[in-house]
1. If I go through segment 10-54 residue by residue, how many of them are aliphatic (A, V, I, L, M), surrounded by 10 or more Cβ atoms within 10 Å (Cβ to Cβ) and under 30 Å from V180 (Cβ atoms)?
2. So which residues in segment 55-86 are among the charged types (D, E, K, R) and either loosely packed, with under 13 Cβ neighbours inside 10 Å or near ligand 1 (Cβ under 9 Å from one of its atoms) (or both)?
3. Of the conditions (1) at pLDDT below 90; (2) open to solvent by 50 Å² or more (accessible area, probe 1.4 Å); (3) within 13 Å of ligand 1 (Cβ to nearest atom), D91 fails just one. Which one is it?
4. Got a sec? Which of E148, E208 is open to solvent by less than 10 Å² (accessible area, probe 1.4 Å) and over 24 Å from L62 (Cβ atoms)?
5. Go through segment 104-143 and count every residue that is open to solvent by 30 Å² or more (accessible area, probe 1.4 Å), aliphatic (A, V, I, L, M) and within 14 Å of ligand 2 (Cβ to nearest atom).
6. Anything in segment 126-145 that is assigned to a helix (DSSP H, G or I) and touching a helix residue (DSSP H, G or I) at 6+ places or on another chain (Cβ under 9 Å)? List them, or say none.
7. Please specify each residue of segment 53-78 satisfying the condition of being within 9 Å of ligand 2 (Cβ to nearest atom) and of a type in the set (G, A, S).
8. If I filter segment 35-46 for residues that are in contact (Cβ under 8 Å) with a residue 40 or more places away in the chain, within 16 Å of ligand 2 (Cβ to nearest atom) and under 23 Å from V82 (Cα atoms), do I get at least one hit?
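The values are calculated or read from the model by the stated rules, or taken from the named source; none is laboratory data. What you see is a predicted model, and the numbers here were worked out from it, not measured in a lab. A quick note on method: Cβ atoms are made from the backbone with ideal geometry, for glycine too, and the neighbour counts reach across all protein chains shown. The protein model used for the area step is the full one, side chains on, heavy atoms only, and it has no ligands, DNA or RNA in it. Shrake-Rupley method; radii C 1.70, N 1.55, O 1.52, S 1.80 Å.
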Amino acid sequence: MAFAEFLEALLTPSLPILALGILIIIGAPLLLHIALASSSTYITPPTVLLLGPLASGKTSLLTLFERGTPAETHTSQSTTSVELNASTDADSKQSFRNHDDTSGTHTKFILVDTPGHGKLRNLAFGKLERAETLKAIVFVVDAAALSEQDVLSTTASYLYDVLLLLQKRASDKSKTRKSVVPVMIAANKMDLFTALPATMVRTNLEVELTRIRATRSKGLLDSGVGMDDVGSEDQDAWLGEYGSEKFSFKQMQEFDIDVDVLPGSITGEEGTGADKWWWWIAQKIANA
Ligand SMILES: Nc1nc2c(ncn2[C@@H]2O[C@H](COP(=O)(O)OP(=O)(O)OP(=O)(O)O)[C@@H](O)[C@H]2O)c(=O)[nH]1
Ligand SMILES: [Mg+2]
């Protein structure tokens with residue numbers, strides 16, 4: 001009886017059988033862990049971060065994408081996240097209104113709203129620095145108020161900090177795997193007649209960013225650091241092409257950071273003015 005013999009051999013204490021037993025006991029959970037960790041359901045979805053100054057429309061945009069209609073908002077004091085589905089199918093009429101329709105290929109992503117108030121900026125930067133899965137940044141600006149100098153300067157200085165952080169991260173040589181994050185400047189409130197066209201939003205921001213860059217680098221020169229140190233310190237705080245006279249968003253391509261300015265609106269015309277933004281987001285997360 002071969003079977004009985006086999007059974008007997010298996011049950012007799014011996015070194016190879018013992019070794020096999022230990023191997024199974026240790027190996028099985030290990031294999032299970034590897035199998036689970038590599039399955040896609042355990043990967044966190046890509047994150048898209050909403051940044052921008054006070055009352056530019058970040059929360060309104062999040063609500064519009066989430067519910068399909070804009071709602072009353074109050075100034076935000078904390079970050080909020082929602083899970084959404086985007087599709088890049090050409091036939092699925094590229095609108096955020098279709099995100100419940102999960103036919104076709106959809107990419108799940110997390111949209112994160114941040115407070116715009118200067119005192120709560122650390123919350124936004126915390127998200128920016130920690131989000132491992134960050135795939136895109138939507139920087140919302142109020143195009144209708146951007147002709148006012150104080151709005152322009154707060155908006156631009158916030159944007160400067162964001163772009164500088166991305167630039168530093170991109171030029172950080174210690175990181176082998178660089179994640180490049182594209183930026184969309186959403187020129188919001190185009191429904192208002194005071195709104196500047198997107199090209200003006202772009203140039204006004206570029207002019208203001210140039211001015212901020214000059215002021216900040218001058219501050220460093222005046223701070224009394226040794227002449228030799230100035231070069232590198234100065235270069236670290238300098239946004240875009242070092243030494244260039246004027247800043248332009250194109251200079252960010254040097255660091256693989258694409259900056260697009262897209263016009264739109266959340267209220268008015270039933271919010272169809274946000275489709276372009278939705279399409280931009282869908283493409284960025286699909287290519288990620
Ligand atoms: N006319 C017009 N008003 C808008 C538009 N989008 C947002 N608003 C209004 O702008 C105001 C501020 O919008 P919020 O979404 O609360 O702005 P926020 O960026 O979240 O502001 P904070 O949370 O304070 O940083 C609200 O009264 C909105 O109704 C738009 O496209 N057109
Ligand atoms: Mg808000």
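1. 8
2. K58, R67, E72, E83
3. The one condition D91 does not meet is (3).
4. From the options E148, E208, the qualifying one is E208.
5. Adding up the residues that qualify gives 2.
6. L128, E129
7. Within segment 53-78, A55, S56, G57, S60, S76 meet the criteria.
8. no
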